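The values are calculated or read from the model by the stated rules, or taken from the named source; none is laboratory data. A quick note: this is a predicted structure, and the numbers were derived from the prediction, not measured. Positions of Cβ are generated from backbone atoms using ideal geometry, with glycine treated the same way; all protein chains shown enter the neighbour counts. For accessibility, only protein heavy atoms count, side chains too; no ligands or nucleic acids. Shrake-Rupley method; radii C 1.70, N 1.55, O 1.52, S 1.80 Å.
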Amino acid sequence: MISLKRILWRLLAGLGVLWGAATLTFVAINLTAGDTALAIVGGPDAMPTAEVLAQVRREYGLDDPLLTQYGNYIGRLAKGDLGESYRLRIPVLKAVTQQLGATVQLALCAGVLSIVLSVLIALLTARRAPWIRSVVSGAELTITSAPSFVIGILLLLLFSFYFHWFPPSGSQGWRSLVLPTIALALPVVGVLTQVLRQELEDVLEQPFILTARARGMSDAGVRLRHALRHALVPLVTLSGFVFASLLGGAVVVELLFARQGVGRLMLDAANSKDVPIVLGITLLAALIYVIVNIVVDILYSLIDPRVRAT
């Protein structure tokens, strides 16, 4: 099992990641053009007076030097206070959790689909005829190179507007989840399949595979019972890439398919300079990333005994 010392080092590194994410996002938001006080009162359409804007700046500490604002923010974070949304007038944690379920549902479905398809395609194509490898590799390269929104538009044109099989937008029912899930999963499938197939082909050349075949084990049994386990190590290592791809792609996919979710909330908050929401979602993403990497470390040590020995 992975050592306690290694987990503690990972946790310390995770705190560093969270601090860095909060700092960089705070600086980026505050250096962009626009008046935060104006965003708080509802934007230019609210037609606030100069006195109202001055009062808002005093109440929210926007008149303080940027370094003071940063120190106050980090202090609140240390207490677990993410602040209140300027636009929605509710706590940031409540605003995020209201939208988190839809994004988690989409990301989990896309993650499961991408892993299942990657394993299935890699098992079926590893060490097959060269023409099969060429056709599949070409398709994988094309899919990997295509952005999620391009794949999403093609799926909409074909399955929503031509065949009318699935709704083009919304978050109601399982049918509205099918096309966003495929659009988000396919680019990840292209990368994972290439890595997993290469690893499978290397494993299938090992002496213990020849021994298993000599005992009369079928090709499917060799691939599933022996080769796949050894080939899963790079797949586990790439879990961080999978998470980043799904999280980043969810923003585009949620907008394209008009779905609720954290990605849409993030974009709306950035456009309206709702700093607490932007910072809260950034910290949430960084926290999930830290947790995923710790879990990957533990799984890696379980799959590969050489890590435990090290």
Task: For the range 125-168, the Rg and Dmax computed from alpha carbons only, in angstrom - done: 14.5, 40
- [ ] Please give the FRET efficiency for Val295 paired with Asp202, using the beta carbon to beta carbon distance and R0 = 25 Å, rounded to the nearest 0.05.
- [x] 0.45
Task: Computed FRET value (nearest 0.05) for Leu15 with Ser145, which takes r as the C-beta separation and R₀ as 35 Å - done: 0.45
Task: Nearby lysines by direct alpha-carbon distance to Lys273 (threshold 23 angstrom, same-chain neighbours under 8 apart not counted) - done: Lys94
Open item on the list: In Å², and per residue, what accessible area does the range 62-128 have when probed at 1.4 Å with the other protein chains present?
Closed with: 57 Å²
Task: Carbon + sulfur, % of accessible area of the range 110-189 - ligands and nucleic acids excluded, 1.4 Å - done: 77 percent
Open item on the list: Output needed: percent of Cα pairs per 5 Å distance bin for the range 24-137, bins running from 0 to the one holding the longest distance.
Closed with: 2, 9, 11, 14, 13, 9, 7, 6, 6, 6, 6, 5, 3, 2, 1, 0
TODO: Set the Förster distance to 45 Å, then compute FRET efficiency between Ala54 and Ile132 from the Cβ-Cβ distance, nearest 0.05.
DONE: 0.05
Open item on the list: Could you sort Tyr70, Tyr289 by their accessible area in this structure, using a 1.4 Å probe and putting the largest first?
Closed with: Tyr289, Tyr70
